[in-house]
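Down below is the structure, laid out as C-alpha cells.
The values are calculated or read from the model by the stated rules, or taken from the named source; none is laboratory data. Treat the numbers as computed from the prediction; the structure is a model and nothing was measured. Cβ: placed from backbone, ideal geometry, glycine included. Neighbour counts: every protein chain shown.
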Amino acid sequence: MGARSLSLFALPALALLAGCPAPKPAAQPAMAKTMAERVVADFEAAVKTSKESYVALFDFAAVGEFEILLHRYDLNGRLANITEDEKAQFSAEDGTPYPAERERRNVGNFYKILGQRTVGTGGCVAGEPRTQYGTLLGQTYEELPDGTPPAYETLRTHVNGWLARGGVIGMRCQGGKGGLALVFTASDHARGYDLITIYDD
C-alpha cells in the first residue's frame, strides 16, 4: 500500500483527536494443537466432566471390530502370554465383531479404573506409547495366515483404513497414575475424530 497506508502507531492518536476510543488490538490466535494434543485434551476434559462425556468420545461399532481383530493377532503370537482360556476363546471366534452395546458397557467400565486413574487432577500430555503392545496397536495389520476365517479380512481392511486416518497416542498426566494408549481415527462429525480403542499403557 506504500505511502497511502497509515502507521498503526498513529491510529490511537488520530482516534483521540477525533474524540473516538482507540481501536483495540486484534486478539492473538490461540496456539494450534496437533491432533494428538487435541485428543488428549478432549479426553482429560471428558473424564473430568462425567462418565457420559467420556463414553461419547468412542465409536463402539469400531471398537467391537478392533477388539475381535486384536484377539486373532494375539492368538497368532502378537501377545505372548495369553492364558489357556484366552486361547480357547480366541480360537473359537470367527471374526464376528462384538456388538456396539457390549463395547459401550466394557469401555464404560474402564471409566474409573483407567480413565479417572490416569487423568486424576489433570496435566495430561500426549506422547508415544510406553509399552510394546501400545505401540503395536497403531501399526499396520499384515495379512493373516491361510485358514483364518474370511471375516477377519474385512476387519483387517477396516482397521488399517481407520489407522491410516488416525493413529495411537500415549497419554500421561501429572495429576494421575499410569498411562493410556488411545487409538483414534478421523471422522466427519464436528469433533473430527473418534476413539476406536483404549488400553492400559
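Some observations on this one:
- Evaluating ALA190 against the criteria (1) in contact with a Leu (Cβ under 9 Å, 6 or more places away or on another chain); (2) in a loop (DSSP other than H, G, I, E, B); (3) not acidic (Asp, Glu) leaves one unmet condition, (1).
- Contacts under 6 angstrom Cβ, first residue in segment 144-157 being of a type in the set (Phe, Trp, Tyr), partner surrounded by 11 or more Cβ atoms within 10 Å (Cβ to Cβ) and modelled with pLDDT of 95 or more, 6 or more apart: TYR152/ARG72; TYR152/GLY95; TYR152/LEU144
- For segment 112-133, a residue qualifies if it is at pLDDT 95 or above, assigned to a helix (DSSP H, G or I) and either closer than 27 Å to LEU155 by Cβ or of a type outside the set (S, T, N, Q) (or both), and the qualifying residues are LYS112, ILE113, LEU114, GLY115, ARG117, VAL119.
- Selection of first residues in segment 180-201 that are under 18 Å from GLY134 (Cβ atoms) and of second residues that are part of a loop (DSSP other than H, G, I, E, B) and among the β-branched types (Val, Ile, Thr), restricted to Cβ pairs under 8 Å at least 6 apart or on distinct chains, gives the following pairs, ordered by first then second residue: ALA181/THR131; ASP201/THR131.
- Any hit, segment 16-29, residues being modelled with pLDDT under 95, out of contact with any strand residue (DSSP E or B) (no Cβ under 8 Å at 6 or more places or on another chain), surrounded by 13 or more Cβ atoms within 10 Å (Cβ to Cβ) and part of a helix (DSSP H, G or I): no
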